[in-house]
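Comments concern the structure below.
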Amino acid sequence: MKTRHKRLLFISLAVLALVAAALLVMNAFRDNLVFFFSPTEVAAGKAPANGTFRIGGLVTTGSIQKGPAPLELRFTVTDLSKEMRVHYIGSLPDLFREGQGVVAEGRLGPDGEFQARTILAKHDENYMPPEVAQALKKSGAAHPGPKP
């Protein structure tokens, strides 16, 4: 083989290896990508039916119900336009309570209830997760929480 052909083969293999590595990274990134949806968007069918996603809003006052299992809980999340029922089994963040912003990550169950794997709550009196604040703003309602 001539030097020119060896060099061309080496460059071709390097480009092929780079493309393969980029495809592997993009595939791993796609599998770990989780989108946020408001209850209104989920009701409109914009959320993936079989995929993992996040839902957020305010925990509706009076909606928290403990289940028969020790750490089982059901509650309603609202964006002040639509509401969505959430089912969660696990320990809750200390700041989880009615009327506060929350983000839940999980899947939509066959009965339309959101099956949460993770619950994230706000961390101080004036903070709300950006996705929740944007969803509430989009619904045309202001956050009814504490005034600064």
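The table for this structure:
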{"read-out": "Selection count where residues are closer than 30 Å to Lys137 by Cβ and outside any loop (DSSP other than H, G, I, E, B), scope segment 60-74", "value": "3"}
{"read-out": "Selection count, segment 49-93, where residues are loosely packed, with under 13 Cβ neighbours inside 10 Å, of a type outside the set (Gly, Ala, Ser) and touching a Leu at 6+ places or on another chain (Cβ under 9 Å)", "value": "4"}
{"read-out": "Cross-chain or 6+ apart pairs with Cβ under 7 Å, segment 82-104 first and outside the structural domain of Pro70 (by TED's automatic domain parsing), then modelled with pLDDT of 95 or more and surrounded by 14 or more Cβ atoms within 10 Å (Cβ to Cβ)", "value": "none"}
{"read-out": "Search result, residues across segment 91-148 that are of a type in the set (Lys, Arg), modelled with pLDDT of 65 or more and in a loop (DSSP other than H, G, I, E, B)", "value": "Arg97, Lys122"}
{"read-out": "Flag if Gly57 is within 30 Å of Lys137 (Cα to Cα), assigned to a strand (DSSP E or B), touching a strand residue (DSSP E or B) at 6+ places or on another chain (Cβ under 8 Å) and of a type in the set (Gly, Ala, Ser)", "value": "yes"}
{"read-out": "Flag if Val34 is of a type in the set (A, V, I, L, M, F, W, C), touching a residue at least 60 places away in the same chain (Cβ under 8 Å) and either in contact with a strand residue (DSSP E or B) (Cβ under 9 Å, 6 or more places away or on another chain) or closer than 27 Å to Leu95 by Cα (or both)", "value": "yes"}
{"read-out": "Yes/no for Ala116 being more than 23 Å from Lys138 (Cα to Cα), outside the structural domain of Phe29 (by TED's automatic domain parsing) and crowded, with 21+ Cβ neighbours inside 10 Å", "value": "yes"}
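This table checks each residue for (1) modelled with pLDDT of 90 or more; (2) closer than 15 Å to Gly106 by Cβ.
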| site | (1), (2) |
| --- | --- |
| Arg30 | no, no |
| Phe36 | no, yes |
| Asn50 | no, yes |
| Gly56 | no, yes |
| Leu73 | yes, yes |
| Thr78 | yes, no |
| Val86 | yes, yes |
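The values are calculated or read from the model by the stated rules, or taken from the named source; none is laboratory data. From a predicted model like this one, the values you see are computed outputs, not experimental measurements. We place every Cβ from the backbone using ideal geometry, glycine too, and count neighbours over all the protein chains shown.
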